[in-house]
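Q: Sharing a structure below in structure tokens format, with a few things to ask.
Please treat every number below as a calculation from the coordinates, not as lab data. The shown structure was predicted, so the numbers you read here are calculated from the model rather than taken from an experiment. All Cβ positions, even for glycine, are placed from backbone atoms using ideal geometry, and neighbour counts span all protein chains on display.
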Amino acid sequence: MSGPRDRLEDERRRTTARLATLRGDYRGFVDASRDTNADDEHDPEGATIAFEREQVAALVRQAEQHLTEVEAALTRLDAGTYGRCSRCGRPIPDERLEVRPTATTCVVCA
Ligand SMILES: [Zn+2]
């Protein structure tokens, strides 16, 4: 049985690793774009690379957003406000925090 800090630090580790991989992929696509006319929509290969690059960029943004939420949750943990609904102030059930360690509201307020 691991506590919320273990869960959050694990989540931060995994998200940071994922972000590093995604940023590496993104750089790969940027480099590939340079070799082809990636932004030229008449170049089929370039258009594919540009599309995939955008997909990866979206994933990078998602991972960054998630990391921000995880950091915020760790800050709340330090402040002693973690696991409390930010709207009604009631405790957020453990089952919910296990599924979503970054939750800031209880199920009722979500
Ligand atoms: Zn609530």
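Q: On a 0 to 90° scale, report how tilted helix 44-79 is relative to the longest principal axis of the chain, with both axes built from alpha carbons and the result rounded to the nearest 10.
A: Approximately 20 degrees, to the nearest 10.
Q: Would you kindly state how much longer the chain becomes between ARG7 and VAL108 on full extension, computed as 0.36 nm times their sequence separation minus their alpha carbon distance, in nm to one decimal?
A: 34.0 nm is the gain from fully extending ARG7 to VAL108.
Q: Given a cut-off of under 8 Å on Cα pairs at least six residues apart, what relative contact order in percent is computed for the chain? Mind showing how you got there, number by number?
A: Values: 102 pairs, mean separation 28.3, N = 110.
Reported relative contact order: 26 percent.
Q: Pick out which of VAL56, VAL99, VAL30 has the largest mean-square fluctuation in a Gaussian network model of the chain, springs linking Cα atoms closer than 10 Å.
A: Sorting by GNM fluctuation, first place goes to VAL99.
Q: Based on DSSP H runs of at least 4 residues, each adding -39500 (n - 2.57), what is the mean residue ellipticity at 222 nm of the chain after dividing by all its residues, to the nearest 500 deg cm²/dmol?
A: Mean residue ellipticity at 222 nm (helix-derived): -24000 deg cm²/dmol.
Q: On alpha-carbon atoms, Rg over Rh for the stretch 45-106 using Kirkwood Rh? Please report the intermediate quantities before stating the final value.
A: Details: Rg = 16.8 Å, Rh = 13.5 Å.
Rounded to two decimals, Rg/Rh equals 1.25.
Q: Okay, moving on. Which one of THR15, TYR82, ALA50 has its Cα pushed farthest toward the positive end of the charge dipole of the chain, where Lys and Arg give +1 and Asp and Glu give -1 at the Cβ?
A: Going by the Cα projections, it comes out as TYR82.
Q: Working from Cα positions, state the angle (0 to 90°, nearest 10) between the long axis of helix 4-35 and the longest principal axis of the chain.
A: Long axis of 4-35 versus the principal axis of the chain: about 10 degrees.
Q: Let me ask you something else. For a Förster distance of 30 Å, can you work out the FRET efficiency between the beta-carbons of GLU98 and ALA57, rounded to the nearest 0.05?
A: Approximately 0.45, to the nearest 0.05.
Q: Compute the whole-percent fraction of alpha carbon pairs in the chain spaced more than 18 Å apart. Please report the intermediate quantities before stating the final value.
A: On the way: 3563 of 5995 pairs.
Everything past 18 Å amounts to 59 percent.
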